[in-house]
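All remarks here apply to the structure that follows.
Where a number appears in this text, it was derived from the coordinates with a stated rule and is not lab data. All values reported here derive from a predicted model rather than from experimental measurement. Here the Cβ is made from the backbone with ideal geometry for all residues, glycine too, and neighbour counts use every protein chain on show.
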Amino acid sequence: MVFIPRLLAAVGFLFGLTLAQQDLLAFQDGISEYKLADTVTAPEIWVSAGDFPAVIRTARDLTLDFGRVVGVNGTLKEFDQLPGSPNGTAPIIIAGAVGHSTLIDKLVDAGKIDVSEIDGKWESYTTALVEHVTSSIPWALVVAGSDKRGTVYGLYDISQRIGVSPWHWWADVPPKTKTGIWVRNARKVQGPPSIKYRGFFINDEAPALTGWAEKNFGLTPSGRPFNSEFYKLVFELCLRLRANYIWPAMWGSAFYVDDEANGRLADEYGVVVGTSHHEPMARSEREQQQEVEGNWDWIDNKEEITEFFEGGVERAKNWETMYTLGMRGSGDAASPTLTADSLVEIISVQQSLLEDILNKNLTDIPQTWVLYKEVGRYYQSGMKVPESVTLLWTDDNVGNLLRTPLANETDRQGGAGVYYHFDYVGSPRNYKWINTIQLVKTWEQMQLAYEKGAREIWIANIGDIKPLEIPTSHFLDMAYDMSNHADPDSTTKWIHQWAAAEFEERIAERTVQILSTYGKLILRRKYELLSRKPFAYSVAYYDEAEAVLAEWTDLLNLAQSTYNSLPQSTRTPFFEMVLHPVLAGKTVVELYIKAELNLWRHRQRRTSTNQLATDVQNLFLEDQAITSRYHSLKNGKWDRMMTQTHIGYDNWQEPAENTIPTLLYHGEDNVPKSGIMGVSVQGSNFSFPGDPVPTLLPMDPYMPSSEQRYLDIFTRNNGSFSYSIASSEPYVTISNSAGTLSTTENISDIRSIIKVDWNAAPAGSTEVGLKVAPSNAPGSWPITFNLPVNKRSVPSGFSGYVESGGVVAIEAEHYNKHEEKNDLYYVVIPHYGRTLSGVKLWPVTADSQSPDTAPKLTYTFHTFTELEKARLLVFLGATLNHDPSRVLRYAFSIDGGAPVIVQPVPTTPMGSEPSGWTDAVIAGGWTSASTIELSNGSHTLDLWILEPGVVVQRLVVDVGGYRQTSLGPPESTHLG
């Protein structure tokens, strides 16, 4: 029933266009006569001695990469002019930046290479086989860049294509060794990246990254571990990921001060350095605290702060720098005195300093203003920001865009960008342990930002770097070439390509399944939020907690079996990036679920309460063992990298140490007078006999296949007893209808599943008695539970979803009909959200719609319950009103009635969370409820999405049976 979207229409020039689709490199003999390397020969890499240091350094990296792949290092040679003849017989790669490399310029002048498609463009390159370079050089592989980073990316492109991962050091990905490398007679042109400045922010870096770096790099004279040896590895990673921009670590660190070589080194590598959202003018927060005399307050300390700003520009003036403008209060907090007018004054002073010191036009100086939290309200008040400044919009710290450019902002000279989070310290809880990012949600938000015109800067907060390899790669690949991420299936395709490149094609599809499922499970609740009350997953309704644990168990089995299938060399990176988050994550989720079941079963007075307590304690120890396993990898290379606390949060801030949840124990004081035998029913934590006897949850022919009805029989004291269960009607049977439980034999609980033979059951509603009779159980007595059996039927020929248990639940992609209208249609986003997928209006550049103009989705369903007022619940993504002039809206209609327009996310000033935001981000999405009039019978539900930012996941019609849980009821049975 999933609608496969039509081919997306062309949307103008695609940045990062590859003009030659054929890969330049081949790894089998016979495909090309031009051999570049084998196990005894590697190429010479020729560069101009006067080229950019970044180009020469990257060429040196490429010589080593050939050694990693074929076992023989290449050789770097620097020339002032193209030599008349080579000194040896090694194949040749010639690389350089147009206008800075005498070698490349000579080839251009001689007509040997065409650079017309890249000349003067940003970070572009062309790579081609050039024949007859000179009379004595029969051929060479030539990489010509439009600028220094264009050349760097062209060289690293060869590295990746021969088999060296950008994560070869940071995630221990082994090279894909080759016995031979050949060059096809072809040409590649890579145009400008989709996003001009693309990068990451190292943040919230204590205790993990800080402790690891201290062990490996020691401390600088200022007592910090992030020296130039550390940043060499960071800069190389940045460039191999085809990024160009970083915000350096800032918790107590000062990039330019901790090691005076840091700034110069970044420039030599070709990395643009900025500073975070609250650190203006290339100066760190620590410098604010140590060097500014008086308060960090513009209103009463302008002269001192202006001098401080000036020092930052003077220090960085010879290096490629992105200057963060504006300011916040001290310590990354809102200022009590700043106003929009004072911010206008601050930015004016800052721009004057930039012009005077750098002696450049402002339009030639990269500068950004980060509209983080309360800062956005200054802009919303009408504050005028110079056109040369890039407006850097932000998310809400958990991946939901607060703002995208409006139509009248897209032609600003400085453009717009996005500061996005994969890590955060703040409300509702920190999340900085391991990867908790759903990749397809990132795609949905950043594709929206891109299409809305935020294309100047993308920067992601990636915390400690190490646990966030996959979302970092995904984010930066999108930023580099969005044309490869244009359609809703692109994240699935990206995971496949990434897994094939990092590991093996053989496991790529399994990795897609692992990472897609992991994203779904972790979006439901971040680890740090599992200790929050009420507990994430219901132990009472829909067997939710047990079902979630089963999903995690299945996922771990898949990840573990995939890991086991890999050769030893590839297991380490697979563990670091794929298996570890699944293994560690499942352990923590299981710990919390079993802790909740411990409390539930204690109320039921089960002796197995104590086993659950033991399980939780063992899982707590297992969590520590998994951390130790990670720290022992590669002979302790990553020791201290997983030291972030993550169990036992009781407020937004991390606990000082991991602490085990509260556990209860079943003892003599909890043994009921009604004897050793206990029986429980779904949805109740009572224990029978003794407590008031409830009616069992009803059964009907249309129960979802994942739902069961059952009784649990268990021991309430040490010892043993036997039991039997008898049904008053033959058409109702029950598994485990007789048995013996014994604590001495560790058989303390038995689940008896109830089945109904619907062919034999009478029509209408009946009640069937299930009598549980004990024997050898002093003090206990027989007890009968009443089971409502509702045999009902839908009209012949009905096609759609059928009520069971007082609800109809439908996954959004399972519509009965869909429309295309006014060049608009709906797309399914696979694996988006908390259950199956998301449905979204396409394209995202569509104007606001009404039910008259938008295409329609139609769902059919049948209800049996008579209810004066029912409810329609729409499960949505956690998207916010990112365009204040166009709030998120959808509309619905029941049985052809007048459409009802709904605004699911309340309107709020920029920088403020809307009402319900905390619950929405905790749960991974909004749930919007509307009252509807509904008689029993067959119905149609029409749905219109009126704004492209709305993503619908599920629809639930509640006719009185809805139970409050995290995920809602399982999807209803579909007929026809």
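For this structure, a couple of remarks:
- Mean-position separation - Cα centroids, segment 217-255 and segment 176-195, in angstrom: 30
- At an R0 of 25 angstrom, the distance between the Cβ atoms of GLN568 and GLN497 translates into a FRET efficiency of 0.55.
- Candidate aspartates and glutamates for bridging to LYS317, where Cα separation is under 19 Å - those fewer than 8 sequence places away on the same chain excluded: ASP258, ASP259, GLU260, ASP267, GLU268, GLU279, GLU287, GLU307, GLU355, ASP356, ASP364
- Counting DSSP beta bridges with both ends in the chain, the antiparallel % (nearest 5): 70
- Between the residues ALA929, PHE308, SER848, the greatest Cα displacement towards the positive end of the dipole of the chain, with unit charges on the Cβ of Lys, Arg, Asp and Glu, is found for ALA929.
- Computed from phi, the 3J(HN,Hα) profile of segment 647-655 under the Karplus parametrisation 6.51, -1.76, 1.60 (θ = phi - 60°) reads 10, x, 4, 10, 7, 5, 8, 5, x Hz, with x in place of Gly and Pro.
- Residue exposure sequence - MET383, MET250 - by fewest surrounding Cβ within 10 Å: MET383, MET250
- Residue-wise HN-Hα coupling along segment 62-78, computed from phi with Karplus coefficients 6.51, -1.76, 1.60 (Hz; x: Gly, Pro): 5, 4, 6, 5, 4, x, 5, 8, 10, x, 10, 5, x, 10, 8, 10, 10
- Gap separating the Cα centres of segment 278-344 and segment 916-976, nearest whole Å: 48
- The residue list VAL55, THR89, GLN160 was ranked by how far each Cα lies along the charge dipole of segment 25-190 toward its positive end, using unit charges on Cβ atoms, and GLN160 comes out on top.
- Residue-wise HN-Hα coupling along segment 416-428, computed from phi with Karplus coefficients 6.51, -1.76, 1.60 (Hz; x: Gly, Pro): 9, x, 9, 9, 10, 10, 10, 7, 7, 10, x, 6, x
- Rounded to 10°, Cα long-axis angle of helix 490-502 versus longest principal axis of the chain: 70
- SER427-ASN361 pseudo-label distance in nm [points 7 Å out on the Cα-to-Cβ vector]: 4.6
- Candidate cross-link partners of LYS360 among the aspartates and glutamates, defined by an alpha-carbon separation under 14 Å and a same-chain spacing of 8 or more, comprise GLU314, GLU320.
- Using a cut-off of 19 Å between Cα atoms, the listed pairs LYS148/LYS466; LYS526/LYS586; LYS432/LYS452 include LYS148/LYS466; LYS432/LYS452 as exceeding that distance.
- Near the amide H of GLY739, within less than 5 Å, lie the amide hydrogens of TYR723, all on another chain or at least 5 residues away, with H placed in the peptide plane.
- Pairs of Lys residues in segment 800-975 are counted when their Cα atoms are under 23 angstrom apart and they lie 8 or more places apart or on different chains; the count is 5.
- The charge dipole of segment 282-371, taken about its Cα centre with unit charges on the Cβ of Lys, Arg, Asp and Glu (plus for the first two, minus for the last two), comes to roughly 320 debye.
- Inter-part distance where segment 384-423 and segment 680-736 are each reduced to a Cα centre, Å: 57
- Mean Cβ neighbour count within 10 Å, used as a protection proxy, ranking 460-470, 28-38, 51-61 highest first: 460-470, 51-61, 28-38
- Furthest towards positive pole of dipole, ILE514, VAL173, GLN604, structure part the chain, Cβ charges: GLN604
- Out-of-range pairs (alpha-carbon distance over 25 Å; input LYS215/LYS634; LYS594/LYS755; LYS176/LYS634): LYS594/LYS755
- Per residue, the convex hull spanned by the Cα atoms of segment 463-599 measures out at 129 cubic angstrom.
- Among residues other than LEU873 with Cβ under 10 Å from its Cβ, the summed charge is +1 (Lys and Arg +1, Asp and Glu -1).
- Neighbours of PHE714, meaning other residues whose beta-carbon lies under 11 angstrom from its beta-carbon, give a summed charge of +3 when Lys and Arg score +1 and Asp and Glu score -1.
- Rounded to the nearest 20 debye, dipole of the chain from Cβ charges on Lys, Arg, Asp, Glu: 2240
- Based on the Stokes-Einstein relation at 20 °C and a viscosity of 1.002 mPa s, and on the Kirkwood radius from alpha carbon pairs, segment 800-975 is assigned a translational diffusion coefficient of 131 µm²/s.
- Full extension of the segment from THR853 to ALA760, taken as 0.36 nm per residue of separation minus the current Cα-Cα distance, would add 28.4 nm.
- A straight chain from THR733 to SER775 at 0.36 nm per residue would run longer than the Cα-Cα distance by 13.0 nm.
- Amide N proximity, segment 717-741 versus GLU668 label position 7 Å along Cα-to-Cβ, cut-off under 13 Å: 718
- Mean ellipticity per residue at 222 nm, deg cm²/dmol - from DSSP H runs of n ≥ 4 across the chain, formula -39500 (n - 2.57): -8500 deg cm²/dmol
- Net charge of Cβ neighbours under 13 Å - reference ASP23; Lys, Arg +1; Asp, Glu -1: +3
- Burial order of peptide ranges 422-434, 72-84 (average beta-carbon count within 10 Å, highest first): 422-434, 72-84
- From the coordinates of this entry, Rg and Dmax of the Cα atoms in Å is computed, and it appears in (1) 31.4, 110; (2) 31.7, 105; (3) 46.0, 149 under the label (2).
- The coefficient of translational diffusion for segment 138-294, derived via Stokes-Einstein from the alpha carbon Kirkwood radius under 20 °C and 1.002 mPa s, stands at 121 µm²/s.
- Calculated FRET efficiency for the pair GLU229/ALA206, C-beta based, R₀ 22 Å, to 0.05: 0.70
- Amide hydrogen proximity for LEU867: with H placed 1.01 Å from N in the peptide plane, the residues at 5 or more positions away or on another chain lying under 5 Å are ASN936.
- Share antiparallel - DSSP beta bridges, segment 25-190, percent rounded to 5: 60
- Ordered by the count of other Cβ atoms within 10 Å of each Cβ, fewest first, MET322, MET281 give MET322, MET281.
- Cβ crowding within 10 Å ranks PHE535, PHE861, PHE66 as PHE535, PHE861, PHE66, fewest other Cβ atoms first.
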